[in-house]
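Report on one structure; see the data block that follows.
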Amino acid sequence: MNNPTSLRKNLRHWLRLSPSSPGVELEVVAVEHESSFERRRVAYKVPGGDSIPAFLLVPKGLRRPRPAVLVHHQHNGERHFGKSEVCGLIGDPLQAFGPALAERGLIVLAPDSICFEDRRRGRAGTDPHPDDWQQHYNEMSYRLLRGDTLMRKVLEDAETAVSLLARLDTVDQSRIGILGHSYGGNTVLFQAALDERVRYACTSGAACSFRNKMQYATGIEMAEVLPGAFDRFDVEDLLKLTAPRLMLVVSASEDRYSRDADEVVRLAEAAYIDAGVPAALQHTRYQGGHALTRERFDRIVEWVVFTATAAGPG
């Protein structure tokens, strides 16, 4: 990869990913008070008219703009969970990054990805439905029939979320980051590479090359079904495009979705060295499987809090 700017531009063009509009309007639907933060149920529009339901966690007693983190939720075959799991209201408590970060003074935006929780067609809430998988499959396949991709939609939504955070008076625009595990980690890899407004990023359980997945018959997440992608780039190229910005990769020894993370990170290191910031790319590998553990959860939270504080002036 000789020219990161050119590759980024080419990938955005190939994905048909347009620049995000800065004029994102936020509707506050309801507010609930926790001891150290407010949990605001909000909605905002993305290009094409979709309304995105989300939680916005805002620490109490703000005296100046604060760092903000966009948290992309996991998949886990549970499309009835999305933003509510990130906010600790249901599901795995080791996915509850929202409260852990808000309690430490960071603003958190946790939206539903398309086909999850309140963005399932004809239903809302956190109860499963038999056609949840079919809806997700259709969102992918119908776009492919039109020459579009689900990844473009996922990234369009993700970039709109950053635009929303950037226009909030309570947010320090120089300290906006992203975080995600598994499905959310895949989104982080693409968004961090293609959206330079993201100043720091953490991807967990997702740094596995296309070539490794095909070699070991590992499933490809639906948004990653990108015709011709293998001839254009692999996951290490996405990591390279994140340089010189700060990136933490979290992986595990028995996790097939981060099986070759050591190699992916090794191949990306040269881009950070060339940028003069070899320490900006960090990789922490654990023993164990795909699911988050308390040790990994704590490491991610600590890194994000520390990095958010150091990612910008003030």
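The values are calculated or read from the model by the stated rules, or taken from the named source; none is laboratory data. Everything numeric in this text was worked out from a predicted model, so none of it was measured. Because the Cβ atoms are built from the backbone with ideal geometry, glycine has one as well, and the counts that use them run over all protein chains shown. Accessible surface is based on the protein model in full, side chains and every heavy atom, while ligands, DNA and RNA are left aside. Shrake-Rupley method; radii C 1.70, N 1.55, O 1.52, S 1.80 Å.
Do you know which residues across region 98-112 are open to solvent by 20 Å² or more (accessible area, probe 1.4 Å) and touching a helix residue (DSSP H, G or I) at 6+ places or on another chain (Cβ under 7 Å)? Write out each step before concluding.
Of region 98-112, the ones open to solvent by 20 Å² or more (accessible area, probe 1.4 Å) are 99, 103-104.
If the condition is that a residue be open to solvent by 20 Å² or more (accessible area, probe 1.4 Å) and touching a helix residue (DSSP H, G or I) at 6+ places or on another chain (Cβ under 7 Å), then 104 is the only one that fits.
Residue pairs whose Cβ atoms lie under 7 Å apart, separated by 6 or more positions or on different chains, with the first residue in region 278-293 and touching a residue at least 60 places away in the same chain (Cβ under 8 Å) and the second open to solvent by 50 Å² or more (accessible area, probe 1.4 Å) and of a type outside the set (Lys, Arg), are 290/257.
Taken across region 31-40, residues that are open to solvent by less than 60 Å² (accessible area, probe 1.4 Å), more than 26 Å from residue 291 (Cβ to Cβ) and modelled with pLDDT under 95 do not occur at all.
Among the candidates 59, 67, which residue alone is touching a Lys or Arg at 6+ places or on another chain (Cβ under 6 Å), over 28 Å from residue 255 (Cβ atoms) and either free of Cβ contacts under 8 Å to residues at least 60 places away in the same chain or of a type outside the set (Val, Ile, Thr) (or both)?
Working: 59 fails: touching a Lys or Arg at 6+ places or on another chain (Cβ under 6 Å).
Going through 59, 67 in turn, the sole match is 67.
Exactly one residue out of 175, 152, 79 is charged (D, E, K, R), in contact (Cβ under 8 Å) with a residue 40 or more places away in the chain, buried (at least 18 other Cβ atoms within 10 Å of the Cβ) and in a loop (DSSP other than H, G, I, E, B), and it is 79. Here are the criteria: (1) among the basic types (Lys, Arg); (2) part of a helix (DSSP H, G or I); (3) free of Cβ contacts under 8 Å to residues at least 24 places away in the same chain. Tell me which single one residue 41 does not satisfy. That leaves (2) as the condition not met.
Residues of region 63-76 that are over 22 Å from residue 132 (Cα atoms) and in a loop (DSSP other than H, G, I, E, B): 63, 64, 65.
Please go through region 299-314 and pick out each residue that is in a helix (DSSP H, G or I) and open to solvent by less than 60 Å² (accessible area, probe 1.4 Å).
Step one: of region 299-314, the residues in a helix (DSSP H, G or I) are 299-310.
Scanning region 299-314 gives 300, 301, 303, 304, 305, 307, 308.
For region 225-232, the criterion of a residue being in contact (Cβ under 8 Å) with a residue 40 or more places away in the chain, open to solvent by less than 20 Å² (accessible area, probe 1.4 Å), under 17 Å from residue 205 (Cα atoms) and not charged (D, E, K, R) is satisfied by no position.
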